[in-house]
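The values are calculated or read from the model by the stated rules, or taken from the named source; none is laboratory data. Computed from a predicted model, the values in this text were never measured in an experiment. Note that we place each Cβ from the backbone using ideal geometry, even for glycine, and neighbour counts take in every protein chain shown.
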Amino acid sequence: MRYSDDIIEDVRFGNDIVDVINSYTSLKQRGNSYVGLCPFHKESTPSFSVSPDKQLYHCFGCGASGTVYNFIMDIENYDFLDALKYLADRINYPLPEHNGTFDSSLADKKQTLYNIHKIVAKKFYENLCGPQGKIANDYLDKRGINKNTRIKFGLGYSLFKKDDIYTFLKQNGYDDDIIVESGLVIKSKNNTFFDRFFGRLMFPIIDVQGRVIGFGGRDLTNNKNTAKYLNSPDTPIFNKSYNLYSINIAKNNKNKELILVEGYMDVIALCQVGINNVVASLGTAFNENHIKLLKKYANKVITLFDSDDAGIKATLRAIPILIENGIYVRVAQVKGAKDPDEFISKFGANSFLQFLNNAKSYISFQIIQKMKDYNLNDPIQKVEFTKEVSKIISHLSSPVERDVFINEASQITSISKDAIYEEVNIILANNSNIPKIINKKPKQNIINNKLDEARQSILYILATNIKLYNILKQYISPNDFLDKTYVELAKIIFMLNDNNKPIYGAELALKFEDIEEQKKISKVFMLKIDFSNSDKLEKIINDQIKIIKKAYFDKLILENDNIENLQQALKDKKIFDKLYINI
Ligand SMILES: [Zn+2]
């Protein structure tokens, strides 16, 4: 969903871009703008510029640019909605709930639940540090989890007392209803209250915005009748199908790659050896909703589940969900240990890294799993197996990919390449309905060529100088810009100018939903053009309008089949070539 333009503008207005950015990199005033060291690339002399008038930033070193939203999205690795929430939070602006109407009672309730989780997490942590936390500390010592890691994950301990948290929350002034709704306390049929978690090592579950939204707890009493792991139930602030453990830490990974593991302890063990891009699902199978969250931060995933049957099953289940969502999957399987945590303590961090680097493609993993079902010494079974392998490979949409994996499959199985090729081709010929794997390529950076430069500066001039606009509009129109974003932008600029409306760069950029478009438009508004030397300006304008028009006519000529139109276009192009605009 997208919030209304009014809300987006309100929140932007309340968050001055200089204030916001200044808390990430120190800015110094220079003329009309502020400059500082760019937080997006390494530099020793400042090329990062922030304009308080335009409420935009631009880095002349790496080209980063945008509004306060784009800044928060890039620096915090948030999507637009999260950036909006973050900025709204920063100024205590009440955002409507998802259905578009603002339910203040629900918002209040959620805030109360966040507060409850915050103080309970703190209490669990204090329990761990106190004398009663010995049993949990002993366990963590045994597992080799050091002090820093315990703090980093906010680990805690729930006392072996049936109503410790209930009493604690009552003392803090919360009433029974909200305490029960937090999921931390259960109300029994005879109206007594008892804690959900007691005698457990506690793992706070934290969302991308850094709020504690629930807990996982590991039993330390070794009671055969209690579950080894227990999680918070779904509440207004927590839904286990939509959250991933440690996403608050993993989201900051720069490689857009996440490692998917099974349990809390795997995440923590990996983080302790410096692998921070790790998440785990919370006691539920990996599903589509998890992907929505994960996709904000990664386009590659390594699955690293336990080496038992359940782990293999979970892997085979996760692969198609990931693939369908355009995520590149590799599979790592621990050998010689039951899980990653045990692997690290047995073989050390270095061997673990090596093992991660050798993670197999998901295709190879599927082939190896299939291989277990066949006896390849039996010629008939070998034929069947070849068919199965070919089926897996035929799902790949790119011939190059197919070629790579046919090679790999041939090596794994010692079936000849030609035989697999033949089978794959038969499948492809017979079945054109095989679901294709969507290979979403990352968006290409805008090629900053002459044409792009010309379009940017003419758009900037049209938007910021009404006198020049009135002259230039006789020669150029929005469609001349060809590029979809620029055409849209030009249309809005023309419309606002013709209606004598002011033009604000940041506001205009945010009229576009696509983030790349927002950045592209911000870049236009952050240009620096010297209007004082009119001779030089006149030459620049003439040169650039010619470049834009030439591209426009060339496209027209190229795409026109009608002889008459074609001749007209050629004629217009010639006329325009000789034209000189006096400003
Ligand atoms: Zn930069």
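Remarks
- Which numbered condition residue 24 fails, given (1) closer than 18 Å to residue 523 by Cα; (2) within 15 Å of the ligand (Cβ to nearest atom): (1)
- Hits in region 45-63 - residues which are free of Cβ contacts under 8 Å to residues at least 60 places away in the same chain, within 12 Å of the ligand (Cβ to nearest atom) and not in a strand (DSSP E or B): 45, 46, 47, 60, 61, 62
- So residue 4, is it within 15 Å of the ligand (Cβ to nearest atom), of a type in the set (Ser, Thr, Tyr), surrounded by fewer than 13 Cβ atoms within 10 Å (Cβ to Cβ) and at pLDDT below 90: no
- Hey, residue 24 within 18 Å of residue 62 (Cα to Cα) and surrounded by 17 or more Cβ atoms within 10 Å (Cβ to Cβ) or not: no
- Qualifying positions in region 27-43 - within 12 Å of the ligand (Cβ to nearest atom) and either at pLDDT below 90 or in a loop (DSSP other than H, G, I, E, B) (or both): 37, 38, 39, 40, 41, 42, 43
Each row is one residue, and each column tells you yes or no for (1) buried (at least 22 other Cβ atoms within 10 Å of the Cβ); (2) touching a helix residue (DSSP H, G or I) at 6+ places or on another chain (Cβ under 8 Å); (3) of a type in the set (Phe, Trp, Tyr).
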position: 191; (1), (2), (3): no, no, no
position: 205; (1), (2), (3): yes, no, no
position: 212; (1), (2), (3): yes, yes, no
position: 226; (1), (2), (3): no, no, no
position: 230; (1), (2), (3): no, no, no
position: 238; (1), (2), (3): yes, no, yes
position: 261; (1), (2), (3): yes, yes, no
position: 268; (1), (2), (3): yes, yes, no
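- Flag: residue 191 matches the condition of being of a type outside the set (D, E, K, R) and out of contact with any Gly (no Cβ under 9 Å at 6 or more places or on another chain).
- Scanning region 2-12 for residues that are closer than 15 Å to residue 94 by Cβ and in a helix (DSSP H, G or I) yields 6, 7, 8, 10, 11.
- Residue check, residue 564 assigned by TED's automatic domain parsing to the domain that holds residue 457 and either over 36 Å from the mean Cα position of the chain (by Cα) or part of a helix (DSSP H, G or I) (or both): yes
- Every listed requirement among (1) outside any strand (DSSP E or B); (2) touching a Pro at 6+ places or on another chain (Cβ under 8 Å); (3) not aliphatic (A, V, I, L, M) is met by residue 215 save one, (1).
- Counting the residues of region 240-259 that are at positive phi and surrounded by 21 or more Cβ atoms within 10 Å (Cβ to Cβ) gives 1.
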